[in-house]
Amino acid sequence: MLTLLIALPAVGALVVGLLPKAQEELAKYVALAVSLVVAVFAIVMATGFDTDGERFQFTQTYWWIKQFGVHWAVGLDGVSLTLVLLSVILVPLVLLASWTPADRYGGASEEAPPARSAKLYFALILSMEAMMIGVFAATDVFLFYVFFEAILIPVYFLVGTYGGPQRSYAAVKFLLYSLFGGLLMLAAVIGLYVYAGKDSFLLNDLIGANIDPDTAKWLFLGFFIAFAIKAPMVPVHTWLPDTASQAPAGALVLIVGVLDKIGTYGMIRFCLELFPGASKWATPVVITFAVISIVYGAVLAIGQVDLKRLIAYTSVSHFGFIVLGIFAMTTTAQSGAMLYMVNHGFSTGALFLAAGFLISRRGSARIDAYGGVQKVAPLLAGTFLVAGLSGLSLPGLSSFVSEFLVLVGTFSRYKVPAIIATVGIVLAAVYILWTYQRIAGGPPKVSFPDLGVRELVAIGPILAIIVALGFFPKPIIDLINPSVERTMSVVKQTDPAPTVAPTVAEGVKP
Amino acid sequence: MHKAEGIQSVAWLLIALPLAGAAILLLAGRATDKWGHYLATLLSAASGVIGFLMFGQMLGYGTEERSRNLHLYDYFVTGNFNVDIGLQIDQLSISFVLLITFVGTLIHIYSIGYMAHDENRRRFFAYLNLFVAAMLLLVLSDNYLGLYVGWEGVGLASYLLIGFWQHKPTAATAAKKAFVVNRVGDFGLSIAIMLMFATFGTISYAGVYAAAPEASEGILTAIGLMLLLGACGKSAQLPLQSWLLDAMEGPTPVSALIHAATMVTAGVYLIVRSGPIFNLSETAQLVVAIVGAATLLAGAVIGCAKDDIKKALAGSTMSQIGYMVLAAGLGKAGYVFAIAHLITHGFFKAGMFLGAGSVMHAMKDDVDMRKYGALRTVMLITFATFFLGYLAIIGVPPFSGFFTKDPIIEAAFEHNIVLGICAMFGAAITAFYMSRLVFMTFFGKARWDDDAHPHESPLVMTIPLMILAVGSAGLGAFLMLGHRFQDFLEPITGAPEETHSLVSANGIITLVLVAAGVAYAWFRYGAATVPREAPRGSFLTTFARKDLYGDAINESLLMRPGQWITRIAVWFDNRGVDGAVNGLAALIGGTSGRVRRVQTGFVRSYALSMFIGAGILVAALLVVRV
């Protein structure tokens, strides 16, 4: 079933790509239809997930390269399931938000955007979708690596073809960073295979393998650096702002909202589970860099003049929270981190979409090109504000729950990092609200139409999800909990006990 | 604790109704322009009715059974951290429910008239409803997370309403400032919650308070101080006071509801609610009292120097909340008075703000009191209701403020003579600046602009004024005579050990000082002619006009260094980090300096070389293995 879910968008991408050149319009509808089918299919499948059941569900395992012990092995646990759902929900909305040439242009100019193929764009997004599902579903380390690298191709072409004036620089930079990480990871993958001596790349075979602690540290580093580049963490984050400033908003929703999650997902799935000892060894350094990312990313976001670069830096800050939560190694912090991955996908997705709507109208990504949008286009300003408020983790919106869990969970083990990270909530208010003030406040400096129906349909569901998960996070957390418990037991960590145990039962329960 | 029954079991409707109102008005858009404000007012009133019914039901219970809990749903469970959304219906929360819904509904009604000509009236009412819902969640939640959600919810509503006229740059700036300064307070509240979880493993009121006595005093002090930081942000106490004066950019009904009667008092609620923690840490309590005393003086001094009627009232709000915080810092001796003063203040200050709105309405939205004068002759209802509020705030018996402020001064003296003198001196300054305000606005000669034609406001605005005036006049006596409110609240907050008599030496001295303040104001602003241009004034006047240099301090200590740090960081990131990483990559690839000008063809060879490198590595590993 899972294989089918991967194949569906892949075939869709092929079909869309092979349509004749004259059929650009049809291509868009076909792509949208495919992505909707994928979304419905995935959601229906997800309802069959049993939170009390096996760890990996919907599994399928076949030999792929028998000589090397490589399998086509797929399966989903709570974390990967939520990330797959995130991907399949975002893709149709992204397609819808990429309908016009201006939507698909990553640069910004007041003249008509350059004529570029819609067909290719939609096909690339669909192929990305297939690989995103694949990368989260892979339970074979080698298969994961293949998806991990293969996904660079559509992104490279999306940035390089549809980007702004500096698109080739951005695309190359993205590719070089990713390839460098990929190379380290490949070495580590092979090293793992060799030193584990199991003749298999299956995750289940490799977990708990007896690897010499010193070797494990090197292998851990190979994986970790690759994931840190992807996530991206300071100091290997600089590819993201450049990519963000050049790539089209729709592609960015997927690049930052989903693709970068492969980094943090990989940290949980591979770094922690395969090298629990080395992970603990690296924890102090990782936490230091995570806290630096939080504060540094936020300060840089405040200083940006380009709207898309600004959102990219806010993500650097948010990824800092996610990594902090993962390596704090308490149940609360890890659930927070895993939930954060989903929530960040939606809230940053919404922010990039809203930014895209603004930029395609005004023809500029510079914040100072705007003013008074609240008066000119209240709906657009309103959606931007809600997305922004989710970005600053306003209680009642989804990101709050995850950020709060990360902070509370981290604090019970690492007090000082948690306190420094909490400064992030003040900085977040500055970078979001100051941006909103400059864009939406003051006397109108721009005149353009408010959101149309298509755009509302594209961004509305995301905002609805943000609010719904803000008030009712429990379903997702219940989905994630078994994975967290599992990870905690693999790394052999228990939660710090409260220093004073409650002496009486809590309030009345029905 | 008992379970909620009867009408109390639908207490969630209190929050849900106004929340639904906000959602309908915002989502349905212009379709609701015609009747949206009526719907919002109706829903707020419906919440009020439920609140009163719940109150009635509570009075039917014995003292021991009045505290009730209503479990709504599980928010999340993860590891040993589980949080439920639940409501705590007790004497403290119901007092707030009544205040919020009653004053809130009156202000909804008033706004129908006040905002009649605003094209975005619907949006305004949506935000008001959102505020009421969030504020009710804040006071009703049975745990700190729910409180936090409400806490930020009211912050959001406040942000949206201060910046309601976004096209005014000053309004947009003020809104952002309010939110950011509040976030500094939220930093404290967040840390307090983290400390509670790390210490007690729970953040429900019941769980934390039950376990609090076993925690070390150091931890309790830390929690207390962090809670205080949160309270300072929300309640505009030193050193986080600077946003409140700017917040007057919002429409006046907002100033009345949010920035006078309810939201800004949330800090006082937080401290009183967390009494079981503060009671165990004398240090934290002392700091609370000092912050309160300092703010009550600072606010009063600012109030003396403002010619902008709303800003003068805002300074006064700061100062009056300072009284409440001072009282809350006195522990059991003061909690009841803090809440009592909070409630009467909610009435008389809301009344005066709405009165100020009525005056502005008549004076073409001019807020400069130097252009008012003699308005009592043309706006009799506004004047009369305002005057009752004035008598209440300066503490003239038998009006409300006398019954609720005097005990605070009294209790402060019993606790510490310095605090007592601050509170007493504050009362004298209050009398001066409020008299100044009243004389400049309603008495003396008319100094109106030539095109100003002041007139009384419509009934939809003056009826709320009249109702609030009744509260200004009589509510204090009703609550405090015969210890009515004290007995009601005692199970939650504890009660002062000593009882105060109505007439005391301190009380008489205070009244004499108040009279002196009024007299001095009459001499300066009532009998004398008030110039239309503000005189330069002494050093002290300038000091007060500039809000005691609060903004200047923030600017030089936080904003400018912050800007520098940001600039340096941006430069560093572009040159330093990016440059270093690129350089390193270039070094590895042996292509120094060309990365920026690199062409697509080059990528292929680069990628190829990487894969070859990887291949060699694989081979090497295999060899090692063999």
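So here's what we get for this one:
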{"item": "Prolate/oblate/rounded label for segment B:235-387 (Cα gyration tensor, a/c 1.5)", "result": "prolate"}
{"item": "Size of the B/A contact, given as accessible area buried on both chains, probe 1.4 Å, in Å²", "result": "7400 Å²"}
{"item": "Partner lysines for residue A:261 [C-alpha distance under 28 Å; skip if fewer than 8 residues away on the same chain]", "result": "A:28, A:119, A:173, A:217, A:230, A:280, A:308, A:415, A:474, A:492"}
{"item": "Shielding score for B:189-201, defined as the mean number of other chain Cβ atoms within 10 Å", "result": "6"}
{"item": "Cβ neighbours within 10 Å from other chains - mean over A:424-434", "result": "5"}
{"item": "Within 10 Å of each Cβ in A:294-302, the average number of Cβ atoms from other chains", "result": "4"}
{"item": "Label-to-label distance, nm, for residues given as residue B:529 and residue A:109 (7 Å Cα→Cβ offset)", "result": "6.8 nm"}
{"item": "Test item: Cα-centred dipole of chain B, Lys/Arg +1 and Asp/Glu -1 on Cβ, debye", "result": "2100 debye"}
{"item": "Accessible solvent surface per residue of chain B, calculated while the other protein chains remain in place, 1.4 angstrom probe, Å²", "result": "36 Å²"}
{"item": "222 nm mean residue ellipticity, helices alone, for chain B (DSSP H n ≥ 4; -39,500 (n - 2.57); rounded to 500)", "result": "-22500 deg cm²/dmol"}
{"item": "Inverse of mean 1/r across different Cα pairs in segment A:343-462, Kirkwood, Å", "result": "15.3 Å"}
{"item": "Loop chymotrypsin sites (Phe, Trp or Tyr not before Pro), segment B:19-74, which have at most 16 other Cβ atoms in a 10 Å radius of their Cβ (DSSP)", "result": "B:35, B:61"}
{"item": "Share of Cα-Cα pairs in segment A:356-395 lying beyond 11 Å, as whole percent", "result": "67 percent"}
{"item": "Helix axis angle, B:459-480 relative to chain B longest principal axis, alpha carbon, degrees", "result": "80 degrees"}
{"item": "Helical mean residue ellipticity (222 nm; -39500 (n - 2.57) per DSSP H run of 4+; nearest 500) of chain A", "result": "-23000 deg cm²/dmol"}
{"item": "Charge-dipole axis of the protein assembly as shown as Lys and Arg at +1 and Asp and Glu at -1 on Cβ define it, positive-most pick from A:196, A:100, B:521", "result": "A:100"}
{"item": "Surface accessible to a 1.4 Å probe, per residue, for the residues of segment A:2-495, Å²", "result": "29 Å²"}
{"item": "Mean projection area, nm², convex hull over Cα of segment A:2-495", "result": "20.4 nm²"}
{"item": "Degrees separating the helix B:36-60 axis from the principal Cα axis of chain B, which is the longest one", "result": "70 degrees"}
{"item": "Percentage, to the nearest whole number, of Cα pairs in segment B:95-173 over 19 Å apart", "result": "42 percent"}
{"item": "Cα-Cα separations in the protein assembly as shown greater than 60 Å, expressed as whole percent", "result": "15 percent"}
{"item": "Peptides A:191-197, B:85-91 ordered by average Cβ neighbours within 10 Å, highest first", "result": "B:85-91, A:191-197"}
{"item": "Exposed GluC sites (Glu not before Pro) absent: longest stretch of chain B, with sites in DSSP loops and at most 11 other Cβ within 10 Å deemed exposed", "result": "B:120-496"}
{"item": "Positive dipole terminus of the protein assembly as shown, leading residue within B:305, B:295, B:13 (C-beta point charges)", "result": "B:305"}
{"item": "Histogram of C-alpha separations across chain B, 10 Å bin width, %", "result": "3, 16, 25, 24, 14, 7, 5, 4, 2, 1, 0"}
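The values are calculated or read from the model by the stated rules, or taken from the named source; none is laboratory data. What you see is a predicted model, and the numbers here were worked out from it, not measured in a lab. Cβ: placed from backbone, ideal geometry, glycine included. Neighbour counts: every protein chain shown. SASA here: full protein model, heavy atoms, side chains in, ligands and nucleic acids out. Shrake-Rupley method; radii C 1.70, N 1.55, O 1.52, S 1.80 Å.
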